[in-house]
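Peer 1: Right, I'll just put the structure down here and ask away after.
The values are calculated or read from the model by the stated rules, or taken from the named source; none is laboratory data. None of the values given here were measured: they were computed from a predicted structure. Reconstructed Cβ throughout: ideal geometry from the backbone, glycine too, with neighbour counts over all protein chains shown. In case anyone asks, the SASA skips ligands and DNA or RNA and just uses the protein heavy atoms, side chains included. Shrake-Rupley method; radii C 1.70, N 1.55, O 1.52, S 1.80 Å.
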Amino acid sequence: MAKAASQTIPFNSPYLPESGISYLRQAVVNKHLSGDGPFTSKCHDWFEQTLGIPRALLATSCTHALEMAALLLNLEPGDEVIVPAFTFVSTVNAFVLHGGTPVFADIRPDTLNLDEAHVAGLITPRTRAIVPVHYGGVACEMNALLELSARHDLAIIEDNAHGLFGKYAGRWLGTFGCLAAQSFHETKNISCGEGGALLINDTALAERAEILRAKGTNRNAFFRGQVDKYTWVDVGSSYPPSDALAALLYAQLEQADRIQKRRSKIWNRYAVELADWAAEQQVGLPSVPPHCEHPAHLFYLILPSLHDRQAFIDHARASGVCSVFHYQPLHLSPMGLRWGGRPGQCPVTEQVSDRLTRLPLYFELTDDEQTQVIRTVTSYRACQPAPRDALSRAA
Ligand SMILES: *Cc1c(COP(=O)(O)O)cnc(C)c1O
């Protein structure tokens, strides 16, 4: 075994701008470290103005934003929610936790997003919602999903954890569903360690969203002077993050253009400089339809086989590059099996999960480090010829 290089290039490294430290100090000086302080308001305004949406509410995580969305659906036992089998646990768990029955749909082999044709075949009289995840921030086929939603009266709830600043046909991701959930976990483009937001596009849901975020009380209406005391009016929990985290988040939002420019530059360089190697080795690279603009959230490789994926990850590690795989098929997880998951149900998900790995991509990745990553990748030779299957992308 080759010896690991002394300085490993990590998969991710969270960026903390200097202004984040002074805003954090300011939050302490403000003596407002609970939720909904001045920095939280600044973040709310920023999202509402930048994305042109009626309401944004910070949450402690994307997971919690999804849970708020699930509560707003008022799910009843037996209500079905269509989710991709290739996603993070929270996309599904939030709905299961609040009474939904998950129905797993497969993904498209090109964008690795919800396969709209598969979704159409899964709709029943019990279906209440579809939860698109824009993988890597490349949009799902929203026209097709919106059409299904209108025809069958289904809510669309976007898990937009990857997709902040992505666009579909010129329109921001996170503005298509009645609700959308964002993540500011430290692995995301914009981060504050742990954090999230619920974007509310259907104004009819805004008041109740505020209530269930505030422990089931009409506290927000009270602070706006709309009621003269506040009290328990609905179910709810406690979702606002500390204003200290909102301060860190606001510092990042102010730098969003810089962060996004640098990430896009890194992403585009991978795409250009790995193209020949990928074609030779029958390795799949991200595919971006012409009507989609993506926010450079992640850059992945789809190796010819599971064996190759492991060999590649070992090769990268030996060269001081950390490459990590991604989601395991949720329908085949112990929980997924309890909801009727079975092998072969989502074949593209099953293949991609075995073969995909991601490259280092973060704001502070230097050009020299990226050169090292690219040299490491292009010195890898696939062991096995690509199987002839749904994922073969050779022309
Ligand atoms: C990161 C992520 C989440 C969870 O985000 P948290 O803020 O950590 O709760 C949910 N869905 C997807 C697709 C994610 O990538």
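Peer 1: At a threshold of 8 angstrom on Cα-Cα distance, excluding pairs fewer than six apart, so keeping six or more, what relative contact order does the chain reach in percent?
Peer 2: RCO, the chain: 23 percent.
Peer 1: Using a 1.4 Å probe over the heavy atoms of the protein chains, calculate the carbon and sulfur portion of the accessible area of the chain as a whole percent.
Peer 2: Ligands and nucleic acids excluded, carbon and sulfur reach 54 percent.
Peer 1: So what's the projected area for the range 60-100, the Cα convex hull averaged over all directions, in nm²?
Peer 2: Projected over every direction and averaged, the Cα hull of the range 60-100 covers 2.7 nm².
Peer 1: Then there is this: Under a 5 Å amide H to amide H cut-off, with H placed in plane at 1.01 Å, what residues pair with Ile9 once short-range neighbours are removed?
Peer 2: Val321, Cys322
Peer 1: From the residues His331, Phe363, Val373, which one has its Cα farthest along the dipole of the range 256-394 in the positive direction, the dipole being from +1 and -1 charges on Cβ of Lys/Arg and Asp/Glu about the Cα centre?
Peer 2: His331
Peer 1: Another question, then. Compute the helix-to-body angle for 38-51: its Cα long axis versus the longest principal axis of the chain, expressed 0 to 90° and rounded to tens.
Peer 2: 60
Peer 1: Over the Cα atoms of the range 209-248, what is the Rg over Rh ratio if Rh follows Kirkwood?
Peer 2: 1.05
Peer 1: With unit charges on the beta carbon (Lys/Arg positive, Asp/Glu negative), name the residue among Ala197, Phe223, Leu212 whose Cα is farthest towards the positive pole of the charge dipole of the range 184-234.
Peer 2: Phe223
Peer 1: Something else about it: Which whole-Hz ³J(HN,Hα) couplings does the range 108-124 yield from phi under the Karplus relation 6.51 cos²θ - 1.76 cosθ + 1.60, θ = phi - 60°, glycine and proline marked x?
Peer 2: 6, x, 7, 9, 6, 9, 2, 7, 4, 5, 5, 4, 4, x, 9, 6, 10
Peer 1: Here's a follow-up. Decide, for the range 1-115, between rounded, prolate and oblate: order the square roots of the alpha carbon gyration tensor eigenvalues as a ≥ b ≥ c, take rounded if a/c falls under 1.5, and otherwise choose prolate if a/b is larger than b/c, else oblate.
Peer 2: oblate
Peer 1: What number in nm² do you get for the range 226-371 if you take the convex hull of its Cα atoms and divide its surface by four?
Peer 2: That works out to 15.2 nm².
Peer 1: Any idea what angle helix 256-281 forms with the longest principal axis of the chain, computed on alpha-carbon atoms, 0 to 90 degrees, nearest 10?
Peer 2: 30
Peer 1: Would you mind putting 311-323, 41-53 in packing order, based on average other-beta-carbon counts within 10 Å, highest first?
Peer 2: The most tightly packed comes first, giving 311-323, 41-53.
Peer 1: How big is the charge dipole of the range 256-394 about its Cα centre, in debye rounded to the nearest 20, if each Lys and Arg gets +1 on its Cβ and each Asp and Glu gets -1 on its Cβ?
Peer 2: 280
Peer 1: OK, next. So with the 1.4 Å probe, I'd like the accessible area per residue for the chain, rounded to whole Å².
Peer 2: On the way: 16920 Å² over 395 residues.
Accessible area per residue, the chain: 43 Å².
Peer 1: Cα centroids of the range 186-205 and the range 258-333: how far apart, whole angstrom?
Peer 2: Here the two parts' Cα centres lie 25 Å apart.
Peer 1: Of all DSSP beta bridges in the chain, what percent run antiparallel (nearest 5)?
Peer 2: Roughly 60 percent of the beta bridges in the chain run antiparallel, per DSSP.
Peer 1: Quick one: angle between helix 367-378 and the longest Cα principal axis of the chain, in degrees between 0 and 90, rounded to 10, please.
Peer 2: 50
Peer 1: Using only the alpha-carbon atoms of the range 292-348, report the extent along each of the three principal axes, biggest first, to the nearest angstrom.
Peer 2: Principal-axis extents of the Cα atoms in the range 292-348, largest first: 41, 32, 19 Å.
Peer 1: Among 221-227, 189-195, what's the highest-first ranking by average C-beta atoms within 10 angstrom per residue?
Peer 2: Working: 221-227: 12.1, 189-195: 21.7.
Sorting 221-227, 189-195 by mean packing, highest first, produces 189-195, 221-227.
Peer 1: Ignoring everything but the protein chains, give the 1.4 Å probe accessible area of Tyr23 in square angstrom, nearest 10.
Peer 2: 50
Peer 1: How many percent of the alpha carbon pairs in the chain exceed a separation of 39 Å?
Peer 2: I get 19 percent for the Cα pairs in the chain exceeding 39 Å.
Peer 1: Further question on the same structure: Show Leu245, Leu57 ordered by accessible area, largest first, where the area counts protein heavy atoms only and the probe is 1.4 Å.
Peer 2: Largest to smallest exposure gives the sequence Leu245, Leu57.
Peer 1: Kindly report, to the nearest 10 Å², the accessible surface of Met335 as traced by a 1.4 Å probe over protein heavy atoms only.
Peer 2: The accessible area of Met335 comes to roughly 80 Å².
Peer 1: Now for a separate question. Taking N as the number of residues in the range 18-254, what value does Rg over Cα atoms divided by 2.2 N^0.38 Å take?
Peer 2: So the range 18-254 has a normalised radius of gyration of 1.00.
Peer 1: Let me ask you something else. Taking every Cα atom in the range 102-161, find the radius of gyration and the maximum pairwise distance Dmax, and write them in Å.
Peer 2: Expressed in Å, the Cα Rg and Dmax of the range 102-161 come to 10.7, 31.
Peer 1: Using unit Cβ charges (K, R positive; D, E negative) and no other charged atoms, how large, in debye to the nearest 20, is the dipole of the chain about its Cα centre?
Peer 2: Around 480 debye, computed over the chain.
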